[in-house]
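These notes are about the structure you will find just below.
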Amino acid sequence: MAGNDKDNSGAFFLQDKGDNDKKPDYRGNLLAKKEKLFVAVWKRVAAKSGNEFYSLSFSIPNSDFSIKDPDPENNKGVLFSNSKKEKDTHPDFQGKAKILGVNYYIDAWKKEKDGKDYFSFTLKEIEEKNSNEGQDSYNQDHSQSGGDDSQQIPFDEEQQSQDDSGAFNIFTMGQQ
C-alpha cells in the first residue's frame, strides 16, 4: 500500500511465517480517518462450521499499546467469504471491524501480483441510526465499489451465525 492516500482503504500481503505459527499470515497498512494504521491478519477455520475466515488486528505505528484497551473488540475485525458475490466487482470477502472506536463494514478483494496473494480492502463507517436496524442499515446504506454497474450485496446472515469461540463477537455489535 505504499503511497496510498485514499482514506478508509488499505491492503495486506501474504507473509512468510517461518516456524512461528503465531505470526500473522498477512500484514499491511490502512488509512482510516486520515490515521495510518498497521493491520495483521490471521487465516482461521471455525471449529463448528469448518468455514475459513480472517481475523484482523489494527495498531497505530510507534504507539504504546502497553495499556490494555477496556473494549476487547476495539482495533479488531473479521472477514468472511462473500457467498452473495455475483460480479467480479463485488467483494470476495465482507465483514466488520471496530477501529479506533469506530465501527466499520469491510469489503475485501483477494488479488495476486507476481504470484503472491494480497488483499485490497475498503471501509465504510457504520452509521448508528438505531440499534434495531442492524442488518437493514447495511443493506440500505452500504455501497459497493465497481462503478455504475455495482449492486447492493446483502451481508450473508448465515455467516454471522457461524461465529464460534475462535472468532470475534463484533458481528453482534449493536444487536441484542
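Each value in this text was obtained by applying a stated rule to the coordinates, not by laboratory testing. Owing to the predicted nature of the structure, the values given are computational and were not obtained by experimental measurement. Note: ideal-geometry Cβ built from the backbone for every residue, glycine included; neighbour counts use all protein chains shown.
How far apart, in nanometres, would the label points at residue 128 and residue 71 be if each is projected 7 angstrom from Cα along the Cα-to-Cβ direction?
The modelled label-to-label distance comes out at 0.7 nm.
Please give me, ordered by residue number, the chymotrypsin sites (Phe, Trp or Tyr not before Pro) of segment 47-131 that lie in loop per DSSP and have at most 13 other Cβ atoms within 10 Å.
Numbers: sites: 53, 54, 58, 65, 80, 93, 104, 105, 109, 118, 119, 121; in loops: 65.
Qualifying residues, ordered by number: 65.
Using 0.36 nm per residue of separation minus the Cα-Cα distance, give me the extension gain between residue 86 and residue 15 in nm, one decimal. Don't skip to the end; give the middle numbers.
Working: separation 71, 0.36 × 71 = 25.56 nm, distance 2.95 nm.
Result for the pair: 22.6 nm of gain on full extension.
Using DSSP to define loop residues, name the trypsin sites (Lys or Arg not before Pro) in segment 50-111 whose beta-carbon has at most 13 other beta-carbon atoms within 10 Å.
Details: sites: 68, 76, 84, 85, 87, 96, 98, 110, 111; in loops: 68, 84, 85, 87.
Those that pass, being in a loop and sparsely packed, are 68, 87.
Considering only the other residues whose Cβ falls under 12 Å of the Cβ of residue 27, what net charge follows from Lys and Arg at +1 and Asp and Glu at -1? Numbers along the way, then the final one.
Working: positive: 17, 23; negative: 16, 25.
Result for the local shell: 0.
In segment 17-58, whose amide N lies under 18 Å from the spot 7 Å out along Cα-to-Cβ of residue 114? List them in ranges.
Under cut-off, by backbone N: 17, 26-29.
Under the definition of Cα pairs under 8 Å and six or more residues apart, what whole-number percent is the relative contact order of segment 39-128?
Numbers: 151 pairs, mean separation 16.1, N = 90.
Answer for segment 39-128 is 18 percent.
Label points 7 Å out from Cα along the Cβ direction at residue 51 and residue 27: separation in nm?
3.0
When only alpha-carbon atoms count, how far does segment 8-99 stretch along each of its three principal axes, as whole angstroms with the largest first?
On the principal axes, segment 8-99 reaches 41, 34, 28 Å in Cα extent.
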